[in-house]
1. What's the number of the only condition in (1) in contact with a Pro (Cβ under 6 Å, 6 or more places away or on another chain); (2) modelled with pLDDT of 95 or more that G206 fails to meet?
2. Taking the residues in region 164-203 that are of a type in the set (K, R) and at pLDDT 95 or above as candidates, determine which candidate is surrounded by the most Cβ atoms within 10 Å (Cβ to Cβ).
3. For region 59-73, which positions are loosely packed, with under 13 Cβ neighbours inside 10 Å and not polar (S, T, N, Q)?
4. Can you tell me which residues in region 31-84 are more than 19 Å from D100 (Cα to Cα) and charged (D, E, K, R)?
5. So, of the residues in region 10-37 that are part of a loop (DSSP other than H, G, I, E, B) and in contact with a Leu (Cβ under 7 Å, 6 or more places away or on another chain), which turns out to be modelled with the highest pLDDT?
6. Does W99 meet the test of being buried (at least 19 other Cβ atoms within 10 Å of the Cβ) and touching a Leu at 6+ places or on another chain (Cβ under 6 Å)?
Amino acid sequence: MRHFHSRAKDTLITGHSDSRLPLLSVVIPCLNERDSLPELVARLEKSLPDGSIPSAEFIIVDDGSSDGSAEVLAELQTDHPRLKVLRRPERGGQTPALWDGLALAKGTWIAHLDGDLQNDPQDLPDLYRTAQQGYDAVLGIRAQRRDSLGRRWASRFANAVRRASLHDTIIDVGCSTRVVKAAVLRQIPPLPNMHRYLPAVIERMGSRIAQVPVSHHPRQHGESKYTNLGRGLKSARDLLRVRRFLREYEARR
C-alpha cells in the first residue's frame, strides 16, 4: 500500500453490552440510508470478524432518519451483537452525529465511514495496521472517485481554498475512510461542519499522519444529502471557525 506522509441531547442509545474493551470503534453517521444498512453491516462483519485483530464494535448514529432506517437498524441488532445504534430524534448534521458516536465509543482507535456504501469497510484492517506503525491517524485517499464531475470540480476548488487558509498537506479531505486515535479526536470541539475539515485539523494539531489510497464506490441507493451550492454557502464561515480554533490551540501549546 502506498503511503503519503507528511453531544446532542435527547438521544436514545441501544445496543448489547460487552465486557471486552474493543480496540477499534467504527462510527458511522447515517441519514435516510435504509436500503444501504443491511449490506453495510454485513460488510463490517466480513471485514472485521469477531475475534479478529483488531477487535471492533460498530456504532451507527441515525441522524433523525424518516425513511424507516430506525426499524431496519433495530432488526439488524438482533443478529449482530456488536452493533450499537444511537438514535437522534431529529436531524442535527454530520458533525454532531460523529461526536455523539465518539462519546459512545469504547475503542482507543476510532474509524469513520459514511453510511451510503461508497466507503468500503474492507479498507479498515489495513488502515488500522498502518496506524500501529507509529501514526496518530491514517487518512484515506479515494484512488478512483465515483462521484459526478460537478462534485469533483467543487471539491478541487474547496480543497484549494482550504489549503491556502489552513496550510495543510491533506490530499483528499473529503474522504471519510480514516482511522484516528480517540485521544486525538477528543481534543477537537464539534464546531459546525467540523467533519469537513477533520483531516486538516488533525494534521495541524501536530499529529503524525499517513495518507493511503482506499476504495470508493458509486452510490447504490438514495441520494446525496447536500448540494454543492448549499455546502459552498457555509464553507467560508466554517473555515473561519476552524482557523480560530487552530490559532487558539497552537497558542496554548
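1. Here G206 clears every test but (1).
2. Among residues in region 164-203 that are of a type in the set (K, R) and at pLDDT 95 or above, the one surrounded by the most Cβ atoms within 10 Å (Cβ to Cβ) is R178.
3. Hits for region 59-73 are G68, E71.
4. Once the filter is applied, which keeps residues that are more than 19 Å from D100 (Cα to Cα) and charged (D, E, K, R), region 31-84 yields R34, D35, E39, R43, E45, K46, D50, D67, E71, E75, D79.
5. S36
6. no
A quick yes/no check of all residues on (1) farther than 18 Å from V184 by Cβ; (2) hydrophobic (A, V, I, L, M, F, W, C); (3) part of a helix (DSSP H, G or I):
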position	(1), (2), (3)
T95	no, no, yes
L102	no, yes, yes
I110	no, yes, no
D114	yes, no, no
N119	yes, no, no
L124	no, yes, yes
L127	no, yes, yes
Y135	no, no, no
G140	no, no, no
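Here is a yes/no grid of residues against (1) over 25 Å from Y128 (Cβ atoms); (2) outside any strand (DSSP E or B):
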| position | (1), (2) |
| --- | --- |
| E39 | no, yes |
| R43 | no, yes |
| P49 | no, yes |
| P54 | no, yes |
| V61 | no, no |
| S65 | yes, yes |
| L73 | no, yes |
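The values are calculated or read from the model by the stated rules, or taken from the named source; none is laboratory data. If you're wondering where the values come from, they're calculated on a predicted model, not measured in any experiment. Note: ideal-geometry Cβ built from the backbone for every residue, glycine included; neighbour counts use all protein chains shown.
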